[in-house]
Amino acid sequence: MQKLDAEALFQTLVEQMRPHVTPDTALVGIHTGGVWLAERLHQALGLKQPPGSIDVSFYRDDFGSKGLHPQPKRTEIPFDVEAAHVIIVDDVLYTGRTTRAAINELFDFGRPAQVDLAVLVDRGSRELPIAARYCALTLPQPLPASQSLQLETNAAGMLTLRLIDA
Amino acid sequence: MHNPQLNKHGELQHLLTIDGLPRDIITAILDTAAPFTEVAEREVKKLPLLRGKSIFNLFFENSTRTRTTFEIAAKRLSADVVNLNVSTSSTAKGESLLDTVDNLCAMQADMFVVRHAASGAPFLIAQHLLATGRDHIHVVNAGDGRHAHPTQGLLDMYTIRHYKRDFTNLTVAIVGDVLHSRVARSQISALTTLGVPEVRVIGPKTLLPTEVERMGVRVFHDIREGLKGVDVVMMLRLQNERMNGALLPTPQEYYKVWGLTAEKLALAKPDAIVMHPGPMNRGVEIDSSVADGTQAVILPQVTFGIAVRMAVMSMLAGQQGSNKQ
């Protein structure tokens, strides 16, 4: 696989989204990579609404087999979801189950007018009928299940993508 | 020694007592409770975690508040809750505790929340479930006799952490009827496990257990002496219904000597918080001006209690029993 330049992908994503957002568009990042990404997008796109964050631990569909994820984070939606245009932001789109959980959780805060999905990388292997409206890179071949792609950030907020072999 | 609350992987299988619970498990419960506090502010005050699970509130002893907070916690997790006030049902007809449990297991229970006047009743149920190969069913002790009330102890720890952040530089005073109080035992275990350097118990000799010092606390028989410089004041309820015989003169006299008034509270640190597990006897162990004052965190305790019980129930329900991996 080629080396992934997270900052270049981020710029691609910004340009994809720019024509479709208004200052009232709201971003919601999925913990943890999606939250960093949402903060950067919020700045780059000059949005008014403060970005929200979602931890899907309480909405996962594998609770029955895996139990509660340790150390769940707080879900914070600092804007009114009712009738809002919301873009869910995640670093990597994989099976689609996390996105499903995030959509369910979002709807417990109100009824949004429209929900889109923005991701940095689509690694393939979807298990649900979910697609990203904004996606900087779709891998030509699905990543093997033994590998994981992780977004990382440094103190300055610069993004990097790391491929991890399990 | 084998801890009957933990499965073979060291994970929490039942919550029976704080005594002997490792510090990292207590901390994990408090950490897990934090995000649950936010659910009450949502449009839909519900999470889907325990969808399809049946939780039986088995109350062999009356307690409206504890039962209600467990019920709200279970409902916010989308569980189905059945409340059994057993003191007025089958046991009154002569059914044994374990027969009651077996019948409810036959109704596909996933969790029992048990309140019983006899110390050890929840432990007996947990042992019975293990012995009969049904340890995928979880037991939460909601107060047993004079033994333990672990969720109350945990919500108290959550409250202290919320206001004081760090346990390792605190002086905490527990005031009142320690002898009859399962809450006090759970609080002392939790505080010492979490590294509170000084735990004081303050009360008349007749209401302190003999050799209470062996729990690692400092004993005071003078409330003014004991409250000096403390960060946290944990009041206990005077357990009228558990008193037989003359341990006390009159409630009025108790109030005069042991009641927490503004004047006595002034001996504690200026930013000390005042806690009470409820229900309060105003004018007996606590003065109304203190109970309603700015240092009281008694109502936040109730709110935090729901989040802590949600955390306990979701952590337990995520464990599948030692027979499965």
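The values are calculated or read from the model by the stated rules, or taken from the named source; none is laboratory data. All values derive from a computational prediction rather than experimental measurement. Cβ: placed from backbone, ideal geometry, glycine included. Neighbour counts: every protein chain shown. Accessible surface areas use protein heavy atoms only, side chains included; no ligands, DNA or RNA. Shrake-Rupley method; radii C 1.70, N 1.55, O 1.52, S 1.80 Å.
Being part of a loop (DSSP other than H, G, I, E, B), modelled with pLDDT under 95 and closer than 24 Å to B:Met157 by Cα is a property that does not hold for B:Pro270. Would you check which residues across the range B:215-243 are charged (D, E, K, R), open to solvent by 80 Å² or more (accessible area, probe 1.4 Å) and within 21 Å of the chain's Cα centre (by Cα) and list them? Of everything in the range B:215-243, just one residue is charged (D, E, K, R), open to solvent by 80 Å² or more (accessible area, probe 1.4 Å) and within 21 Å of the chain's Cα centre (by Cα), namely B:Glu241.
The residues listed here are B:Leu58, B:Leu84, B:Leu50; of these, the one that is in contact with a Leu (Cβ under 7 Å, 6 or more places away or on another chain), of a type in the set (A, V, I, L, M, F, W, C), within 29 Å of B:Gly10 (Cα to Cα) and assigned to a strand (DSSP E or B) is B:Leu58. Exactly one residue out of B:Gln301, B:Gln252 is touching a strand residue (DSSP E or B) at 6+ places or on another chain (Cβ under 7 Å) and either farther than 16 Å from B:Ile174 by Cα or assigned to a helix (DSSP H, G or I) (or both), and it is B:Gln301.
Considering only residues of the range A:81-116 that are away from every other protein chain (no Cβ under 14 Å), open to solvent by less than 10 Å² (accessible area, probe 1.4 Å) and not β-branched (Val, Ile, Thr), which is farthest from A:Thr32 (Cα to Cα)? The selected residue is A:Gly96.
Of all residues in the range B:107-130, those that are of a type in the set (Phe, Trp, Tyr) have Cβ atoms under 6 Å from Cβ atoms of residues that are not in a helix (DSSP H, G or I), 6 or more apart or on another chain, in B:Phe112/B:Phe56; B:Phe112/B:Leu58; B:Phe112/B:Val139; B:Phe123/B:Leu16. The set of residues in the range A:40-78 being assigned to a loop (DSSP other than H, G, I, E, B), touching a Pro at 6+ places or on another chain (Cβ under 7 Å) and either open to solvent by less than 20 Å² (accessible area, probe 1.4 Å) or touching a residue at least 24 places away in the same chain (Cβ under 8 Å) (or both) consists of A:Leu47, A:Lys48, A:Pro50, A:Asp55, A:Pro72, A:Lys73, A:Thr75, A:Pro78. Here A:Ser65 does not fit the description of being within 14 Å of chain B (Cβ to nearest Cβ), small (Gly, Ala, Ser) and touching a Ser or Thr at 6+ places or on another chain (Cβ under 8 Å). For the range B:139-151, the criterion of being modelled with pLDDT of 95 or more, surrounded by fewer than 22 Cβ atoms within 10 Å (Cβ to Cβ) and not charged (D, E, K, R) is met by no residue. Give the range A:29-62 a look and list any residue that's more than 14 Å from every other protein chain (Cβ to nearest Cβ) and basic (Lys, Arg), or say none. Once the filter is applied, which keeps residues that are more than 14 Å from every other protein chain (Cβ to nearest Cβ) and basic (Lys, Arg), the range A:29-62 yields A:Arg40, A:Lys48.
When the criteria are applied in full, A:Lys73 meets the requirement of being over 13 Å from the mean Cα position of the chain (by Cα), under 23 Å from A:Leu159 (Cα atoms) and within 14 Å of another protein chain (Cβ to nearest Cβ).
Within the range B:117-138, the residues that satisfy the criterion of being open to solvent by 40 Å² or more (accessible area, probe 1.4 Å), outside any helix (DSSP H, G or I) and under 27 Å from B:Thr64 (Cα atoms) are B:Ala117, B:Ala118, B:Ser119.
Taking the criterion of being of a type outside the set (Asp, Glu) and more than 15 Å from the chain's Cα centre (by Cα), the residues of the range A:76-109 that qualify are A:Pro78, A:Phe79, A:Val81, A:Ala83, A:Ala84, A:His85, A:Phe107, A:Phe109. Can you name the residue in the range B:16-38 that is buried (at least 20 other Cβ atoms within 10 Å of the Cβ) and at the interface with another protein chain (Cβ under 9 Å from one of its Cβ atoms) and is also nearest to B:Gln187 (Cα to Cα) among such residues? Of everything passing the filter in the range B:16-38, B:Thr32 is nearest to B:Gln187 (Cα to Cα). When we screen B:Glu71, B:Glu43 for residues that are away from chain A (no Cβ under 11 Å) and not aliphatic (A, V, I, L, M), the only hit is B:Glu71. Would you mind stating whether A:Gln16 is in contact (Cβ under 8 Å) with a residue 60 or more places away in the chain and either surrounded by fewer than 22 Cβ atoms within 10 Å (Cβ to Cβ) or β-branched (Val, Ile, Thr) (or both)? So A:Gln16 fits the description; yes.
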